[in-house]
Amino acid sequence: MEIGDTKEIIDNFMMEKAEHTRKLYTRMRLWELPDQYVAEPLDVSSGSCLAVNRDGSMALIDEVPHCTTVRVPRIQTIYGVVGIVKLLAGSYLVVITERECVGSFLGHPIYKVLSLKVFSCDRSAKNSWDDKKKMESEFYSLLKVAEKTPGLYFSYNVNITLSTQRLNYLGEESSRLPLWRQAEPRFLWNNFMLEPLVDNKLDPYILPILQGSFQNFQAAIGKDIIDVTLIARRCTRRNGTRMWRRGADADGYVANFVESEQIIQLKGHTASFVQVRGSIPLIWDQIVDLSYKPMFEILKSENAPRVAERHFLDLRKKYGNILAIDLVNTRGDEGRLSEKFATSVQNILNNDMRYFHFDFHKICGHVHFERLNILYDQIEDFLIKNRYYMLNDKGEKVETQIGIVRTNCVDCLDRTNVTQSMIGRKMLEFQLQRLGLFDADESISTHPNFDDCFKILWADHGDDISIQYSGTPALKGDFVRFGRRTIRGILKDGWNALLRYYLNNFVDGTKQDSIDLVHGHYIVSFNRDMAPNLKKGGIEAIAPFPVVLGLILMGIFFSLLSLLRVRNDYWQLPLSLFWATSSILTIQYVRANCRAFCNRPQLHKPTR
């Protein structure tokens with residue numbers, strides 16, 4: 001045997017070994033035994049089982065142990081191990097119990113999580129003293145909230161936390177690593193929960209999960225089939241709900257930061273374009289007080305330039321040149337934020353870092369979103385200069401994206417999604433012209449079927465991101481979906497706006513605590529108590545908010561009813577005043593005691 005042949009055999013063996021170690025189990029049987037949980041792989045003929053003991057410790061074992069008790073062990077099929085969360089009395093195993101294939105990314109299937117389930121590994125809390133048992137129960141209830149986390153996606157074969165451009169920049173050696181080691185930590189939703197599995201080197205069970213959105217469609221243009229995919233990747237550094245996570249932290253990480261990548265595949269070519277959104281990079285807040293639009297408060301104003309500089313320095317390192325588009329109003333609270341934003345970035349503006357303000361509501365109003373062409377004319381030179389990423393039919397790089405558009409409004413949901421869809425449309429037209437599918441004067445709108453699919457793609461994308469941050473689909477979604485504002489869309493926006501108000505005040509506090517717990521922003525410690533439950537007094541001690549709201553609406557109803565009868569009975573006037581005064585006093589009382597009624601987050605955030 002030649003030396004070259006021996007080397008080739010060794011290389012092939014090492015590649016097979018590396019492939020085996022990075023392979024993830026796609027289907028497992030979970031055994032619930034008296035002293036442990038055992039995940040048994042079903043998609044391989046021989047594979048080690050994962051045993052999770054009742055104390056939270058883990059190990060690989062050769063086979064499922066025989067059960068010596070009379071009770072028959074419960075079993076169920078699972079599709080991935082999300083991770084382990086340690087609370088006061090023990091550990092909890094989080095697994096995927098239902099999944100759905102929603103498409104493919106660069107030829108590999110992508111799955112959406114339909115159902116998560118939390119299993120308690122340690123029952124010692126039942127024998128704990130009352131206070132500890134109560135605290136454990138509170139924490140466990142937050143994990144149950146996390147079971148309903150929307151927009152979770154994963155793949156067993158490809159790293160979906162990296163853009164197409166960054167994936168192709170991975171060296172051959174890096175691409176052979178397990179998926180969790182390739183993953184971008186910012187976009188790894190279960191990063192904290194995977195730590196125990198990583199510590200125990202359980203690579204075949206370490207499944208990276210992304211929160212965001214995955215949409216795609218295929219369409220025919222002439223005889224050519226084009227595949228279009230849109231992926232949203234949500235950052236976990238400052239994750240949370242709409243009113244409870246605003247602005248930036250001291251390190252420059254912003255709330256609702258999302259990377260959106262639009263990918264096309266056509267005749268063997270692949271092209272992608274990436275843009276991002278994120279909250280205004282200042283330390284600011286919006287304290288929920290039962291008012292419809294709570295006032296904005298800029299905190300640590302003197303640190304604003306440093307926070308903004310840190311944020312944009314991080315973006316420059318990751319994406320290259322930056323064009324920051326600010327869509328907020330120039331008046332009121334939004335105007336103060338926008339002015340502070342513009343002032344804070346003045347010292348870092350240059351040819352590679354640009355800031356552009358576009359008053360969306362003033363220019364476009366609520367129906368004339370076609371006026372976004374005014375914005376496009378102002379930023380077209382940046383888009384052309386910074387390009388997109390493209391591979392030819394031989395897999396060779398022919399274009400590189402060297403800059404990014406960063407868009408924000410206040411929530412970075414509604415105005416932002418309308419604007420990003422417009423930019424995505426323009427860049428897709430550039431790419432299709434480059435590939436010879438479109439003539440110079442041809443556009444997406446000249447192909448109605450393709451145009452409809454593209455609109456739906458971005459509308460669903462915006463809805464997914466909005467649901468994760470605000471709890472409702474995006475506003476202004478009818479323009480993205482149909483290309484125009486509709487009466488039905490406006491009425492739907494009104495309903496969703498009211499629903500956001502309810503969720504912000506009475507639901508999102510608990511949801512925020514759940515997010516902080518599963519992401520490790522709050523570390524459970526017996527010596528660090530949860531914030532004490534607020535003592536209620538007065539009306540809130542005996543009546544929950546829905547009852548109080550019912551009393552207010554009843555007062556308004558009887559007040560109006562009495563007014564209608566004043567013409568026939570003048571005594572109805574003081575009765576109407578009585579009901580109106582009762583409603584006003586109740587409203588004022590609720591406003592003054594809003595902390596007792598609002599569902600505020602209760603967990604403090606210790607430093608990790």
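The values are calculated or read from the model by the stated rules, or taken from the named source; none is laboratory data. It should be emphasised that the depicted structure is a prediction, and the values quoted were computed from it without experimental measurement. A quick note on method: Cβ atoms are made from the backbone with ideal geometry, for glycine too, and the neighbour counts reach across all protein chains shown. Note: accessible area is taken over every heavy atom of the protein model, side chains too, but ligands, DNA and RNA are not part of it. Shrake-Rupley method; radii C 1.70, N 1.55, O 1.52, S 1.80 Å.
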Mind running the shape call on the range 308-351? Use the C-alpha gyration tensor, a ≥ b ≥ c as the square roots of the eigenvalues: rounded below 1.5 for a/c, prolate if a/b tops b/c, oblate otherwise.
-> prolate
Quick note, the range 80-170: a/c under 1.5 would make it rounded; otherwise a/b > b/c is prolate and the rest oblate (a ≥ b ≥ c, C-alpha gyration tensor); here it is prolate
Along the range 430-443, Karplus-curve 3J(HN,Hα) (6.51, -1.76, 1.60; θ = phi - 60°) to the nearest Hz, with x for Gly and Pro, reads 4, 5, 5, 5, 4, 7, x, 7, 10, 6, 4, 9, 8, 9
Got a sec to turn the phi values of the range 359-373 into Karplus ³J(HN,Hα) couplings, 6.51 cos²θ - 1.76 cosθ + 1.60 with θ = phi - 60°, whole Hz, x for Gly and Pro?
-> 6, 4, 5, 5, 7, 9, x, 10, 9, 9, 6, 5, 6, 4, 4
Rank 234, 242, 29, 74 by accessible area, highest first, at a 1.4 Å probe radius?
-> 74, 29, 242, 234
Can you list residues whose amide H is under 5 Å from residue 324's amide H, if they're 5+ apart or on another chain and H is modeled 1.01 Å from N?
-> 354, 355, 356, 406
Kindly sort 32, 309 by accessible area of their heavy atoms, largest first, with the probe set to 1.4 Å.
-> 309, 32
Under a 1.4 Å probe, counting only protein heavy atoms, residue 156 has an accessible area in Å², nearest 10, of 20
Considering only the range 281-359, percent of DSSP beta bridges that pair antiparallel, nearest 5 | 45
Protein-only accessible surface order, largest first, of 189, 495 at 1.4 Å = 495, 189
Tally Lys/Arg at +1 and Asp/Glu at -1 over every other residue whose Cβ is under 11 Å from the Cβ of residue 372; what's the total?
-> +2
Chymotrypsin sites (Phe, Trp or Tyr not before Pro) restricted to DSSP loop in the range 412-452 with at most 10 other C-beta within 10 Å | none
With T = 37 °C, eta = 0.692 mPa s and Kirkwood Rh from C-alpha pairs, the Stokes-Einstein D of the range 363-502 in µm²/s is about 199
In a shell of Cβ-Cβ distance under 11 Å around residue 499, excluding residue 499 itself, what net charge do Lys and Arg (+1) and Asp and Glu (-1) give?
-> +1
Semi-axes (Å, rounded, descending) of the ellipsoid equivalent to the range 293-386 per its C-alpha gyration tensor are 23, 22, 9
Ignoring ligands and nucleic acids, residue 108 exposes an accessible area, probe 1.4 Å, in Å² to the nearest 10, of 70
Shape call for the range 145-242, from the Cα gyration tensor axes a ≥ b ≥ c (a/c under 1.5 means rounded, otherwise prolate when a/b beats b/c, else oblate), comes out oblate
Where Lys and Arg each count +1 and Asp and Glu each count -1, what net charge lies around residue 78 among other residues with Cβ under 9 Å from its Cβ?
-> +3
At 1.4 Å probe size, with no ligands or nucleic acids counted, give the accessible surface of residue 147 in Å², nearest ten.
-> 40
